[in-house]
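The values are calculated or read from the model by the stated rules, or taken from the named source; none is laboratory data. Treat the numbers as computed from the prediction; the structure is a model and nothing was measured. Using ideal geometry, Cβ is built from the backbone for each residue, glycine included, and neighbour counts are taken over all protein chains shown. When the accessible area is computed, the model is the full protein with side chains, heavy atoms only, and any ligands, DNA or RNA have been set aside. Shrake-Rupley method; radii C 1.70, N 1.55, O 1.52, S 1.80 Å.
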Amino acid sequence: MTKTLFTKIIDREIPADIVYEDNEIISFKDINPQAPIHLLIVPKKVIPTLNDLDAEDFELIGKMFKVAQKLAKDNNLSVSGFRTVFNCNEDGGQTVYHIHLHLLGGRQFQWPPG
Ligand code: 5GP
């Protein structure tokens, strides 16, 4: 099976600015940041989209948010605020089919997102 782009980062085949890693999750800076802080929080397990989550994966999703909470705190975003986003499929704007949670902060965001 062809490796996803993010699996290549996990396997150190493609460089990335890694800010967090444990045995289940990695986080690195987005290559095309949309805010002063833009991190991607990625499970090492390859799950293509949110549609593909199984019951056993929901604990992992919770752990991804725990990492987001920690990284927001580490980057002094907890009080000022931040945004977390999962994009799903074409209308959601997903481009990498290995689920990932965007953590964005350091500026004021608009709503609706457009
Ligand atoms: P999506 O559009 O699927 O929600 O998010 C994919 C994200 O991955 C985009 O924000 C994009 O900038 C980022 N990205 C794409 N290729 C690379 C890469 O090679 N390295 C890093 N660090 N980020 C990438």
**Report entry** the stretch 43-68: number of residues that are more than 13 Å from the chain's Cα centre (by Cα), outside any loop (DSSP other than H, G, I, E, B) and not aliphatic (A, V, I, L, M)
**Finding:** 6
Query raised in the report: Restricting the stretch 79-106 to residues that are out of contact with any strand residue (DSSP E or B) (no Cβ under 9 Å at 6 or more places or on another chain), open to solvent by 50 Å² or more (accessible area, probe 1.4 Å) and in a loop (DSSP other than H, G, I, E, B), which is farthest from the ligand (Cβ to nearest atom)?
Result: 79
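With respect to residue 70, is the statement that it is without any contact (Cβ under 8 Å) to a residue 40 or more places away in the chain and of a type in the set (Lys, Arg) true? Even if it seems obvious, please write down each step before you answer.
Values: without any contact (Cβ under 8 Å) to a residue 40 or more places away in the chain: no; of a type in the set (Lys, Arg): yes.
No; evaluated as a whole, the condition is false for this residue.
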Query raised in the report: From the residues in the stretch 76-88 that are touching a residue at least 24 places away in the same chain (Cβ under 8 Å) and more than 15 Å from the chain's Cα centre (by Cα), which one is nearest to residue 112 (Cα to Cα)?
Result: 81
Requested in this report: Among what's in the stretch 1-42 and is in a helix (DSSP H, G or I) and open to solvent by less than 40 Å² (accessible area, probe 1.4 Å), pick the residue that is nearest to the ligand (Cβ to nearest atom).
Outcome: 9
